[in-house]
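What follows is calculated from the coordinates using simple rules that are stated; it is not laboratory data. As the structure is a prediction and not an experimental result, all values here were calculated from the model. Here the Cβ is made from the backbone with ideal geometry for all residues, glycine too, and neighbour counts use every protein chain on show.
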Amino acid sequence: MRNIPYGRLIETYLVGTLGGFIFFLGGLPLPWVLGALTTVMLYQGVSKRLMSCPEPLKQSGFLVLGMFFGLYFTASTLGTVAPYVLPYVLATIVLIAVSILNSMIVTKWIPVDKITSVFGSIPGGLSEMVIASEALNARSSLVVIFQTVRLLTVLFMVPFIVVHTFTSTGTSIGAILPGSSYVFGGWGYLWFIIPVILGVLFRKKIPAGIVIVPLAATALLNILFVEMATLPPLLLIIAQITVGIGMGKSISFADLKLGGKYCFVYFGLTVMLILISFGLGVVLATFTSLNLPTAILSVAPGGLIEMVLTATAVGGDPAVVSALQLVRLLFIIIVVPPLLKWYFSRKLEPKAA
């Protein structure tokens with residue numbers, strides 16, 4: 001962190017925070033991440049001023065978000081969701097397989113490499129897919145663009161379709177906000193030192209380790225040892241802004257221009273994936289005791305928070321949706337990257353020889 005241009009760093013955070021606030025006021029999805037990403041990217045491209053976000057700072061944002069996601073896991077949630085894990089994982093495998101197959105097929109007609117295409121369309125978290133793609137030397141800037149297209153398509157389409165399909169029996173979609181029940185944890189925050197240390201130590205040893213390791217460590221501590229304190233909402237906002245700035249800084253106008261030519265392709269892939277996920281949700285509801293809204297929102301390739309809020313609005317089970325969405329995310333970032341790395345490495349070895 002030495003030799004940091006602090007003036008440029010402050011300028012970067014002012015631009016990113018302003019963008020996040022504008023997106024927040026506009027009610028747009030993931031405002032603090034996508035708002036910061038958008039404004040930093042545009043400001044850097046128009047002004048030709050290189051924004052500043054040191055790698056340790058960016059990784060600290062991932063660490064905080066990993067711990068935040070880990071807090072969703074409780075013993076009662078795991079007990080409730082346990083009977084649905086196997087059929088849900090099978091549905092997830094089908095969804096991922098279709099996503100990978102389609103994203104590899106389209107590379108026959110567009111000049112995007114298969115690794116970038118796959119990670120740009122897999123229904124995982126935007127941040128996690130970017131980290132995993134970097135480990136395989138994909139074009140992470142294009143992964144951000146294609147994942148953003150996928151994310152925005154899902155977040156606008158899925159809640160709209162589900163809310164207008166099912167009768168609302170719950171609260172309004174904006175009634176629950178992360179951190180609304182925040183209570184200062186005092187000395188309880190010392191427990192978070194363990195996930196932070198483990199995240200830093202293993203950040204390069206497993207795919208997306210800077211996110212998945214603190215997530216897993218926080219979940220285990222929360223379930224087995226101690227009730228973890230709630231993270232301050234302001235800290236979560238700062239972490240999201242930091243992650244958004246880090247991503248926006250890595251996107252050049254040249255990459256955006258290239259990606260823009262093919263964004264409609266990944267929009268089409270996402271719409272197809274949404275329709276398939278709805279079908280898998282119907283199948284899951286048919287063969288389990290899950291009601292239809294809960295099953296559809298659990299399989300839907302969307303953001304956890306948005307899907308949980310939608311479940312609340314249409315009479316689904318928010319606890320089950322949150323747990324299963326986390327199972328999908330964990331499956332994607334733990335199982336999929338190593339398999340893809342093995343597959344693509346096997347394909348590249350003959351070429352290298």
Note, ³J(HN,Hα) from phi for segment 33-40, Karplus 6.51, -1.76, 1.60, rounded to Hz, x at Gly and Pro: 7, 6, x, 5, 4, 5, 5, 5
Extension gain (nm, one decimal) between residue 75 and residue 282, 0.36 nm per residue minus Cα-Cα: 71.8 nm
One would report the Cα pair-distance distribution of segment 19-71, bin width 10 Å, in %, as 22, 40, 33, 4, 0
Is the shape of segment 6-126 best called rounded, prolate or oblate, per the rule: a/c under 1.5 gives rounded, else a/b larger than b/c gives prolate, else oblate, with a ≥ b ≥ c the square roots of the Cα gyration tensor eigenvalues? oblate
Share of Cα-Cα pairs in segment 184-238 lying beyond 13 Å, as whole percent: 61
Neighbour-count order for 114, 341, fewest beta carbons within 10 angstrom listed first: 341, 114
Whole-Hz Karplus couplings 3J(HN,Hα) for segment 60-76, θ = phi - 60° and coefficients 6.51, -1.76, 1.60, Gly and Pro as x, run 5, x, 4, 4, 4, 5, x, 5, 4, 5, x, 5, 5, 7, 9, 4, 5
Per the 1/(1 + (r/R0)^6) rule, R0 = 25 Å and r from the Cβ atoms of residue 9 and residue 263, FRET efficiency to 0.05 is 0.25
Quick check on the exposure proxy: order 14, 34 from fewest to most C-beta atoms within 10 angstrom. 14, 34
Residues 328, 139, 49 arranged by fewest to most Cβ contacts within 10 Å: 49, 139, 328
Extension gain, residue 163 back to residue 202 (0.36 nm per residue minus Cα-Cα distance, nm): 10.0 nm
Approximate spin-label separation residue 334-residue 183, in nm, with each point projected 7 Å along Cα-to-Cβ: 3.0
In the structure shown, do any of 204/249; 48/341; 114/261; 48/108; 108/249 have a Cα-Cα gap over 24 Å, and if so which? 48/341; 48/108; 108/249
Label-point separation, residue 97 to residue 47 (7 Å along Cα→Cβ), nm: 5.0
Near residue 43, within a Cβ-to-Cβ distance under 12 Å, what is the net charge of the other residues, with Lys and Arg +1 and Asp and Glu -1? +3
